[in-house]
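Q: My questions all concern the structure below.
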Amino acid sequence: MHISVKCFATLAKHTPAGADRYEVADGATVADVVAALGVAPAEVKIVFVDGVAAALDAVVPDGGRVGIFPAVGGG
Amino acid sequence: MSRLLRIDTNKRTFAFADMGAYAGLGGRALTSRLILEEVPALSHPLGASNKLVAAAGILTGTAAANSGRISLGAKSPLTGGIKESNSGGLFSQKMAKLGIQAMVFEDKPEDSAAPVVVVVKADGVSIVEAPELAGLGTYATSEKLLAAYGSRAAIMLIGPAGETCRLAASVQFTDPKGRPARAAGRGGLGAVMGSKKIKAVVVDDTGATGVPVADKDAFKAANKRWVEILGSHPVTSQGLPGFGTSILVNIINEAGALPTKNFRLGRFDQVADISGEKMVELMQARGGKPKEGCHPGCVIQCSQTFVDDKGGYLSSGLEYETVWAFGANCLINDIDDIARMDHACDDLGLDTIDMGNAVAVAMDGGIIPWGDSKAALELLHRVGDPKDSLGRIMGNGAKFAGQAFGVTRVAEVKGQALPAYDPRAVKGVGVTYATTPMGADHTAGYAVCQNILKCGGDVNPMTKAGQVELSKNLQIATAAIDAVGFCLFVAFAVLDTADAVQVMSDQIAAVTGKKFGPEDFLALGVNTLKDEIAFNTKAGFTKEHDQLPEFFAEPLAPHNTTWDFTPEELQGAKVS
């Protein structure tokens, strides 16, 4: 299946080519996607799946939108 | 020994006074207590009875990291309630080192009086008539004043918007490079300063004795741990210095909470063009500077020097709120024009949050087209012409613009425009917008931390559970941090560090020589909020004023959540 996936801030370099149509195995979890992109899990603070914060073991739906963030803050 | 410097703006005289009943207070705790005690709640905000207070925090002027904030207080001409608006820059530390805890500007001269500059030095105070500065932008004014009074001076000043008493007028402060790019933006306090015909206040701490520290060893130990706390949290040590506050653009957009097209949508499809990541890329390519501090002793360094494609200076302190207000909220994706709008606001002395909302309202009202950055910039520049009636309307902020243009979709609470988080998708900060005595203000209780950033806890942003209590606790902690003079960004580290409140309390005890514990820190926040609520109650505010505009009952894409708190539920967020 295909998903869209982007990494942000200090993790931005892990955003893959073709990020809007990135192929992952059916039933892939957030952790699987993080690992496939070569992001160290310790660097990941928040992952959004379709705009909702998701745990590492959450399954990503087909066509899902994944955003991977380190710790960020501002205001 | 810290004192109050009282300035009679009508007689152009000054007097130093002991702290008296205000002893031990600083920052927001001092401004709010003094306004409650000395300003009649029903007075006109631009009349002789209102006072403008500029207070240094309890720790300001010491070596405590990130303690250099200045708090301004008055009755707000924008909200009609009490206001504390704080800022970075050099002014507060220099004032504190001169032994001045606060300056209080009282009374007002005739409308025909010339503007004055108040000059405060170790050897005295002078009040100088300065007709040549009338109508001048803050950049040109600071340049002239720094040339006249020396580069060691720090300046608090207003631009043309403050001089014409616009309701969205800010008070600007110079940064370490002498740029007036730091703002106490909210609540129209620039208009209060303008009503008193104070164009600028210059402070030079040459020869100052500094802030005495009662127990130097205890202070050194506490501050060492404080710097460790700030230096080891990823937000204060990596995120903010690396990308500035605009690091938030992408995450708030991803969460579906980035107000877009005057709060119609939760995501902006051109968000990548205005993100913190994009700003850093441009600054690196163009010779700007992505990382700067706004005052000595800052270990976070979230400011920057943003330059255009020819390397020319556009802005420093180009903040997330500003980028959002003129960007996503107006469907503008030209980051250079957004920086030009930020510069225009700093130069004219205007609050970027209220002005971004006002521009969106102008777009809603058909005054200029959606997404037209050049037209938006021109609209802002018109505020600088006192004879331009459209400029006069815009300078009064979003609510006034809505009334003038017949637009009902105005995101404001108590007359103050909403910041950069849609309350339907970040409900905790929505509770703060509705209930803080300040009018819509994200900094008053930044539940974005727990709702979105997973900092200091994890509370689902889209349901009501836990939000009222969360906002209340954050409003208390924030009021205390604002009283101490700390930059609010310390809160990211404080919320995740078990001993942080103890360490802040230890610093206060070491400086003052009096017992001060975490319970006193809490009481400082509670008492400050009580003072503010007491003032607003006397000024006529009721629970009916603690509400968001009714259009927030419409569902917000992509999550289709609505604002669904009753006024009664929201009252739980207020201290009593």
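The values are calculated or read from the model by the stated rules, or taken from the named source; none is laboratory data. Values in this document were obtained by computation on a predicted structure and should not be read as measured data. No Cβ is skipped: glycine too gets one built from the backbone with ideal geometry, and neighbour counts run over all protein chains shown.
Q: Select from the stretch A:12-32 the residues that are assigned to a helix (DSSP H, G or I) and under 25 Å from B:V459 (Cα atoms) and write down the one among them that is farthest from the other protein chains (Cβ to nearest Cβ).
A: Taking the stretch A:12-32 and keeping what is assigned to a helix (DSSP H, G or I), we get A:12-14, A:19-21, A:30-32.
Those left that are additionally under 25 Å from B:V459 (Cα atoms): A:30-31.
Working: A:V30: 14, A:A31: 17 Å.
Checking each candidate, the answer is A:A31.
Q: Could you list, in sequence order, all residues of the stretch B:328-338 that are within 18 Å of B:C302 (Cβ to Cβ) and buried (at least 24 other Cβ atoms within 10 Å of the Cβ)?
A: Our first condition is that a residue be within 18 Å of B:C302 (Cβ to Cβ); within the stretch B:328-338, this holds for B:335, B:338.
Correct list: B:I338 only.
Q: Scan the stretch B:445-468 for residues that are part of a helix (DSSP H, G or I) and either assigned by TED's automatic domain parsing to the domain that holds B:A96 or under 25 Å from B:T79 (Cβ atoms) (or both) and jot them down.
A: Looking only at the stretch B:445-468, we keep the residues that are part of a helix (DSSP H, G or I), and these are B:448-453, B:467-468.
Selection gives B:V448, B:C449, B:N451, B:Q467, B:V468.
Q: In the stretch B:488-500, is there at least one residue being under 22 Å from the mean Cα position of the chain (by Cα), within 14 Å of another protein chain (Cβ to nearest Cβ) and assigned to a loop (DSSP other than H, G, I, E, B)? I'd like the intermediate steps shown before the answer.
A: Of the stretch B:488-500, the ones under 22 Å from the mean Cα position of the chain (by Cα) are B:488-495.
Filter again for within 14 Å of another protein chain (Cβ to nearest Cβ), leaving B:488-495.
From what's left, assigned to a loop (DSSP other than H, G, I, E, B): B:488-489.
The answer is yes; a qualifying residue exists.
Q: Kindly indicate whether any position in the stretch A:58-74 is within 13 Å of another protein chain (Cβ to nearest Cβ), part of a helix (DSSP H, G or I) and at pLDDT 95 or above. If you could, list the steps in order and put the result at the bottom.
A: Taking the stretch A:58-74 and keeping what is within 13 Å of another protein chain (Cβ to nearest Cβ), we get A:64-74.
Then keep just the ones that are part of a helix (DSSP H, G or I); that gives none.
No, every residue in the stretch A:58-74 fails to be within 13 Å of another protein chain (Cβ to nearest Cβ), part of a helix (DSSP H, G or I) and at pLDDT 95 or above.
Q: Would you point out which residue out of A:A42, A:A9 is surrounded by fewer than 17 Cβ atoms within 10 Å (Cβ to Cβ) and within 11 Å of chain B (Cβ to nearest Cβ)? Step through it out loud before you land on a result.
A: On the way: A:A9 fails: surrounded by fewer than 17 Cβ atoms within 10 Å (Cβ to Cβ).
Step by step, each of A:A42, A:A9 is checked, and only A:A42 is surrounded by fewer than 17 Cβ atoms within 10 Å (Cβ to Cβ) and within 11 Å of chain B (Cβ to nearest Cβ).
Q: Sort through B:T443, B:T408 and tell me the only one that's surrounded by fewer than 24 Cβ atoms within 10 Å (Cβ to Cβ) and within 13 Å of chain A (Cβ to nearest Cβ). Explain how you work it out, then say what you get.
A: Numbers: B:T408 fails: within 13 Å of chain A (Cβ to nearest Cβ).
Going through B:T443, B:T408 in turn, the sole match is B:T443.
Q: Another question, if that's okay. Which of the following residues is within 14 Å of another protein chain (Cβ to nearest Cβ) and within 23 Å of B:T138 (Cβ to Cβ): B:E292, B:E281, B:E319?
A: Working: B:E292 fails: within 14 Å of another protein chain (Cβ to nearest Cβ); B:E281 fails: within 23 Å of B:T138 (Cβ to Cβ).
The conditions single out B:E319.
Q: Can you tell me which residue among B:K197, B:K220 is over 26 Å from the mean Cα position of the chain (by Cα) and either at pLDDT 95 or above or not assigned by TED's automatic domain parsing to the domain that holds B:T138 (or both)?
A: Working: B:K197 fails: over 26 Å from the mean Cα position of the chain (by Cα).
So the residue among B:K197, B:K220 that is over 26 Å from the mean Cα position of the chain (by Cα) and either at pLDDT 95 or above or not assigned by TED's automatic domain parsing to the domain that holds B:T138 (or both) is B:K220.
Yes or no, residue by residue, for (1) assigned to a helix (DSSP H, G or I); (2) more than 23 Å from the chain's Cα centre (by Cα); (3) in the same structural domain as B:A161 (by TED's automatic domain parsing); (4) over 14 Å from B:F326 (Cα atoms):
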{"site": "B:C345", "(1), (2), (3), (4)": "yes, no, no, no"}
{"site": "B:A362", "(1), (2), (3), (4)": "yes, yes, no, no"}
{"site": "B:R382", "(1), (2), (3), (4)": "yes, yes, no, yes"}
{"site": "B:T443", "(1), (2), (3), (4)": "yes, no, no, yes"}
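Q: Now for a different question. Kindly provide the set of residues from the stretch B:83-125 that are out of contact with any strand residue (DSSP E or B) (no Cβ under 8 Å at 6 or more places or on another chain) and under 29 Å from B:K414 (Cα atoms), ordered by number.
A: B:K108, B:P109, B:D111
Q: Checking the structure you have, find out if any residue of the stretch B:526-538 is in a loop (DSSP other than H, G, I, E, B) and either within 14 Å of chain A (Cβ to nearest Cβ) or under 27 Å from the mean Cα position of the chain (by Cα) (or both). Full working, then the answer.
A: Step one: list which residues in the stretch B:526-538 are in a loop (DSSP other than H, G, I, E, B), which gives none.
No, every residue in the stretch B:526-538 fails to be in a loop (DSSP other than H, G, I, E, B) and either within 14 Å of chain A (Cβ to nearest Cβ) or under 27 Å from the mean Cα position of the chain (by Cα) (or both).
Q: What is the one condition in (1) assigned to a loop (DSSP other than H, G, I, E, B); (2) out of contact with any Asp or Glu (no Cβ under 8 Å at 6 or more places or on another chain) that B:E143 does not satisfy?
A: Only one criterion in (1) assigned to a loop (DSSP other than H, G, I, E, B); (2) out of contact with any Asp or Glu (no Cβ under 8 Å at 6 or more places or on another chain) is unmet by B:E143, namely (1).
Q: Suppose we filter A:A54, A:A9, A:A36 for residues that are more than 12 Å from the chain's Cα centre (by Cα) and at pLDDT 95 or above; which single one remains?
A: Working: A:A54 fails: more than 12 Å from the chain's Cα centre (by Cα); A:A36 fails: more than 12 Å from the chain's Cα centre (by Cα).
After ruling out the rest, the residue left standing is A:A9.
Q: Let me ask you something else. Exactly one condition in (1) away from every other protein chain (no Cβ under 12 Å); (2) closer than 23 Å to B:I353 by Cβ; (3) without any contact (Cβ under 8 Å) to a residue 40 or more places away in the chain is not met by B:E228; state its number.
A: Failed condition: (2).
Q: Turning to a different aspect of this structure: Could you grab me the full set of residues in the stretch B:211-262 that are in contact with a strand residue (DSSP E or B) (Cβ under 8 Å, 6 or more places away or on another chain) and either more than 16 Å from B:I452 (Cβ to Cβ) or in a helix (DSSP H, G or I) (or both)?
A: If the condition is that a residue be in contact with a strand residue (DSSP E or B) (Cβ under 8 Å, 6 or more places away or on another chain) and either more than 16 Å from B:I452 (Cβ to Cβ) or in a helix (DSSP H, G or I) (or both), then B:P241, B:G242, B:F243, B:G244, B:N250, B:I251, B:E254 are the ones that fit.
Q: Restricting attention to the stretch B:559-571, does a residue exist that is outside the structural domain of B:L25 (by TED's automatic domain parsing), free of Cβ contacts under 8 Å to residues at least 60 places away in the same chain, within 24 Å of B:K83 (Cβ to Cβ) and out of contact with any Gly (no Cβ under 7 Å at 6 or more places or on another chain)? Give the derivation first.
A: Of the residues in the stretch B:559-571, the ones outside the structural domain of B:L25 (by TED's automatic domain parsing) are B:559-571.
Among the residues that remain, those that are also free of Cβ contacts under 8 Å to residues at least 60 places away in the same chain are: B:560, B:566-568.
Add one more test, that the residue is within 24 Å of B:K83 (Cβ to Cβ), and what stays is B:567.
Next cut, out of contact with any Gly (no Cβ under 7 Å at 6 or more places or on another chain) only: B:567.
Checking the stretch B:559-571: at least one residue is outside the structural domain of B:L25 (by TED's automatic domain parsing), free of Cβ contacts under 8 Å to residues at least 60 places away in the same chain, within 24 Å of B:K83 (Cβ to Cβ) and out of contact with any Gly (no Cβ under 7 Å at 6 or more places or on another chain).
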